[in-house]
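Heads up: the structure comes next, in C-alpha cells.
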Amino acid sequence: MSVTGSPAAVPAEARGQFLGSKREYWHILSRDALLLIATLGLYRFWVSTEVRQYLWSHTELGGEQLEYTGDALELLVGFLVLLAVLGPLVAVFAVLSLLTGNYAVATLASYAPVILVVPLSVLALYQARRYRVNHTIFRGLRFHQTGSAWIYALRMSLWLIVNFFTFGLSYPWARASLERYKMRHTFYGDVQGSFVGSGWPLFRRGFIPWLILLGPVVVMFFMLGANAEGATEAQVQELAGAFLDRSGIWLLVAGAVIYPIFHATVLRWRIAGMRFGTLGFSSGFSTWRVCKAYYKFFALLVLIGIVATIAAVAVQRKIVPAWPLGTSVVIEFIGVMLLVIAYFVVATMGTFAYQGTVRFDVWRLIVESSTLRGLDQIDRAKVHAGHAARHAGRIGAALNLGGF
Amino acid sequence: MDTPTDGPGTWFDGVNGAPQQVTVALEDAALAITSAQGTTRWDYAAVERLPAPGHRLRLGLARSASTARLEVRDPTFGEVVKTRLDVRTVEVEASERRRRHRVVEWSIAGVVAVVLVGAVGLPSVAELMLPLIPRSAETPIGETAHAMIRAGVEQELKKKSLNAPFDCGEQGERELAGKAVFLKMFRKLEGAAELPITVRPFIARTDTINAVALPGGIVHVFNGIIGELQSPDELGGVIAHELGHVAHRDGMRGVLHATGVSFLFGIALGDVIGSGGMTVAAQQILNNRHTRIEEAAADTFSTQVMHKLGADPHAFANMFERFMRAQRPSRNMRLLYDHPANADRVAAIRATPAVANPTPLLTDQEWQALKQACSGS
C-alpha cells in the first residue's frame, strides 16, 4: 500500500463529524454582542461571517473540513447598494402617499414598501444561497450555484399560490420542485448536483402533523362559511373576527409544538434527496433532538420577554418620572438613544438565543448523523473553469436570509 | 534537539477533488510542497492561515482566487511551520483586527451623525424649506390626511350601524342650525386671525375628544370635544388654537419633519427591511419635542385672537384644568405624550393679558344650538 503520492483506497461510505463546541460558539457570540449593539446592527455582517466560518471549518465530511470564504465587507457593500436602490423607491412612495389626495392611492402607497419587500425577499433567498454556496470550499474545490433568482422567485410565488388554495397540502411537491431547481443549479467543482426526493414520502410523513395543525383551522373556516349564510354584514364581521382570533391562537400554540417536528422531517427528506453526481447523503437524526433545540429557543424567548417587560416597567415607574422632559433638547436625545440601544439589546438577545440553540444544535445534529455514500465521486471531481464569480449574490446575502 | 525541516502534509491542489499526501519542506523563503506530480512553492509572505479545528494547520494563498489548500495535521511539525509563518500571520491578523475596529468606529460615528441630523438638522431643514413651499402645495397633502380621518370615522360609524356621514350639520334642521352657528363663530375667529388662506372647517361625527389642523387649512373639530366644553369661549379657544397651527403651518412642518425622520432612520439603520418599531419610536419622541414648542405657540396665538375679539382668552385654560381633574394623564405616559404637560400650558395661558369684562362669542341660545350640530336630526 502506498502512503504518499497516489490517493489511498476510497471507502464506500464516510461519516460526518462536528469538531466544534458550544462553549467556543457562545464565546464568539458574546464577544460580538457588544459590537453589534454599539454599531446598531451594522456589525451583523461580521457576526454572520464569523459564525459561518466557525460552523463550516468545524464540520468534517469524510475526514475533510469545509471552508467558508465569505467576506463581511462584501456583505456590507451589498447592503449599501441595496439601500441605494431601495431608498429612492421608498422615498417616491412616501411622496406619492402624501401628494395624491386620494385615500385609496395613499393607503396603497403606504403599504408599498412592505409589498416591495416580499418579492425582494424571495429573490434575496436565492441570491443569499448563491453567496453561501459560492463561498464554500471543500477539498480545494469551490461549490457553485447557477440559475436565475427571478425564475426561482417566480416558481416560488406560483407554488405559494397553489399552497394557499390547497391549505398547504401541495407543500411537499412545491418543496420538491424548488429543491430540484436549486440542486440542479448547484455544482461541486464540475459535478452537477441533483435532487431525487419526491413529494409523496414527505406528504406521507407530514400529513398527520398537518392534520393536527391545520385541520381544526380548516374545520373552523368551513363552519364560518356555514354560519355566515344569511347573516347580516355586522354578524359576518364578528364571526370572521372570532375565526381569526381562535385560529391565530391555535396556530401559535400548536405551531410552536409541531413546527420543530415538521422542520426535522423536511430536513431529513431534503438531505436524503441531495446528490452530487453519484455522491449521496443520509441523515438519521432524531426528531426529538431537533424539538429540544427549538423548545430551548422558545423558552429563552419567553425568558427574554419576561426580563425585557420587567425592565421596561421598572424604567417606566422609576426612571421616566424622574427624567426632566421638555427642559433640554440634549436630554431628550439621550432618551431617544437609550431607547434605541434598549431595542437593539433585546433584538440581539433574541437573535443570539436562536443562534445558540436551533442554529448550532441542528447543524451539529445534521453533521454528526450524516453518512456520505459514493465518495469516489468527489475524488474524480475537477475544478470547473467557468465558475469563478466571487461577488455573486452578495446583495441578497446582505439581507441575511435563509438557512444552510 | 533538531528542528525538522520537512514533514507530511495533505494537499488539495485546487484542480482535483482528491487529496494528495505530500512532503512539505521548509526552504529559506518558501514552503516547498512535493507530490507525485511535482513541487509547488509558496512564499512565506504570501501564505495565510485559515480557520481549522483543533491543532490542525490549514494554509492558503492570501488575496488569491486559488482554492489550493495545504493542511499539516501533525501538531509538532505544524508548530514548526507556524514559526516560519508567524511574522506574516500576526500581520494579517492585526490588519484584520484594525479593519474591524475601523468599521466599529465608523458605525458609531454614523449613529451619532444620524441622531444629530435627525434631532437638529431635520427641523432646521424643515424650517428652511417651509417658506419655499407655496401654501397651495399643502392642499393635496391635507386632502389625503382629511380622506384618511374621514375614512376612519366612517368605519367607526358603520361599526355602530349608524348610517350618518362624517360631516355634521347635514342631517335635519337641528344639525343645520347648529352648523350655521358653528360656521358663524368660526368665520369670526378666522377674521380675527388674519390668515393668508381660507380655512375649511368641519365638525367630525366622532366622540374622540380632539381637534386637528391639517396642512392646507383644513380644520376638524371633533364632536367629542364640543360635548366636553362648557362655554362658547372654551370652544373659541380650541378653534383659535387650531387656527394658530394653520397660521404657523405646523401641519406641513410636521409632515416635512416626520418624512425626514422616518426616511433618515429607515435608510441609516436598514429599516427599509425590518425593525420598523424603532423608526416609529424615534419619530414619536423627536416629533414630540417639536410639537411641544408648536403647541405652546398655538396657545399664545389662541389667546391673542380671543383677546382681539374681546372674548375670554383664559377660557381655554379652564378646559385643561377640567381634563386634568377628570383624567390625569399618567406620568408614565409622558415620554410618548403628544402634548406638553397640561399644567405648564395652563400656567402659560393664564400668564397672558386677561380681558376685563369678556363678551362671550355666542349667546346661551346659540351655544345650545351649536351643541346640536351632530344630533342626527
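The values are calculated or read from the model by the stated rules, or taken from the named source; none is laboratory data. Predicted model, so just to flag it, every value in this text is computed and none were measured. Here Cβ is always computed from backbone atoms with ideal geometry, including for glycine, and neighbour counts include all displayed protein chains. Quick note on the areas: whole protein, heavy atoms, side chains included, nothing else; ligands and nucleic acids left out. Shrake-Rupley method; radii C 1.70, N 1.55, O 1.52, S 1.80 Å.
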- Partner chain coverage, peptide B:56-68 - average Cβ within 10 angstrom: 2
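Below 11 angstrom from the Cβ of B:Ile133, what's the summed charge of the other residues (Lys, Arg +1; Asp, Glu -1)?
On the way: positive: B:Arg135, B:Arg249, B:Arg253; negative: B:Glu138.
Charge balance near B:Ile133 sits at +2.
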- Note on the structure: Listed by chain and number, the residues whose amide H is under 5 Å from that of B:Val47, excluding neighbours fewer than 5 places away on the same chain and using placed H, are B:Ala62
- Return the long-range amide H neighbours of A:Arg142 (sequence gap of 5 or more, or a different chain), with a cut-off of under 5 Å between placed amide H atoms. A:Gly189
- Item | Net charge of Cβ neighbours under 12 Å - reference A:Gln237; Lys, Arg +1; Asp, Glu -1 | 0
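Could you tell me which GluC sites (Glu not before Pro) in region B:173-202 are loop residues by DSSP with no more than 11 other beta carbons within 10 angstrom of their beta carbon? Intermediate results must be reported in sequence, preceding the final value.
Working: sites: B:Glu173, B:Glu175, B:Glu190, B:Glu194; in loops: B:Glu194.
Filter output for region B:173-202: B:Glu194.
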- Message: So if I take the centroid of the Cα atoms in region B:130-201 and the same for region A:291-308, what is the distance between those two points in Å?
- Response: 50 Å
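With a 1.4 Å probe and all protein chains left in place, how much of the accessible area of region B:6-87 comes from carbon and sulfur atoms, in whole percent? Show your work: numbers first, answer last.
Values: 1770 of 3590 Å².
Here it works out to 49 percent.
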- Item | Test item: B:16-26 mean partner chain Cβ contacts at 10 Å | 6
- Message: Can you give me the accessible area per residue for region B:6-87, using a 1.4 Å probe, in Å²?
- Response: 44 Å²
- Distance histogram for region B:6-87 (every C-alpha pair counted, 10 angstrom bins, percent rounded to whole numbers): 19, 59, 22, 0
- Taking one equal scatterer on every alpha-carbon of region A:226-304, how large is log10 of I(q)/I(0) by Debye at q = 0.15, 0.17, 0.21, 0.26 1/Å? -0.72, -0.79, -0.94, -1.14
- Item | 3J(HN,Hα) from dihedral phi, region A:141-148, Karplus parametrisation 6.51/-1.76/1.60, rounded to Hz, x for glycine, proline | 10, 8, 7, 8, 10, 10, x, 10
- Message: Set the bar at 27 Å for Cα to Cα. Now go through A:Lys182/A:Lys292; B:Lys159/B:Lys179; B:Lys158/B:Lys179; B:Lys160/B:Lys188; A:Lys22/A:Lys292; A:Lys292/A:Lys318 and name every pair that lies beyond it.
- Response: A:Lys182/A:Lys292; B:Lys160/B:Lys188; A:Lys292/A:Lys318
- Around A:Ser57: net Lys/Arg minus Asp/Glu count, Cβ-Cβ under 10 Å: +1
- Item | Highest to lowest packing among A:222-233, A:296-307, scored as the average C-beta count within 10 Å | A:296-307, A:222-233
- Item | Those residues of region B:142-174 for which accessible area with every protein chain present is at least 50 Å² below the isolated value (1.4 Å probe) | B:Thr144, B:Met148
- Can you list the residues of region A:16-56 whose accessible area drops by at least 50 Å² going from the chain on its own to the full set of protein chains, with a 1.4 Å probe? A:Thr39, A:Leu40, A:Trp46
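Among A:18-24, B:22-28, how do they line up from the highest to the lowest mean number of other beta-carbon atoms within 10 Å? Before the final figure, lay out each step's value.
Values: A:18-24: 13.9, B:22-28: 16.9.
Top of the packing list down: B:22-28, A:18-24.
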- Message: Before we go on, tell me the buried accessible area for the A/B pair, both chains summed, 1.4 Å probe, in Å² to the nearest 100.
- Response: 5800 Å²
- Message: Can you give me the accessible area per residue for region A:112-232, using a 1.4 Å probe, in Å²?
- Response: 48 Å²
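Return the average number of partner chain Cβ atoms within 10 angstrom of each residue Cβ along peptide B:31-44.
Numbers: counts 0, 0, 0, 1, 3, 4, 1, 0, 0, 0, 0, 0, 0, 0.
Mean partner-chain Cβ count within 10 Å for B:31-44: 1.
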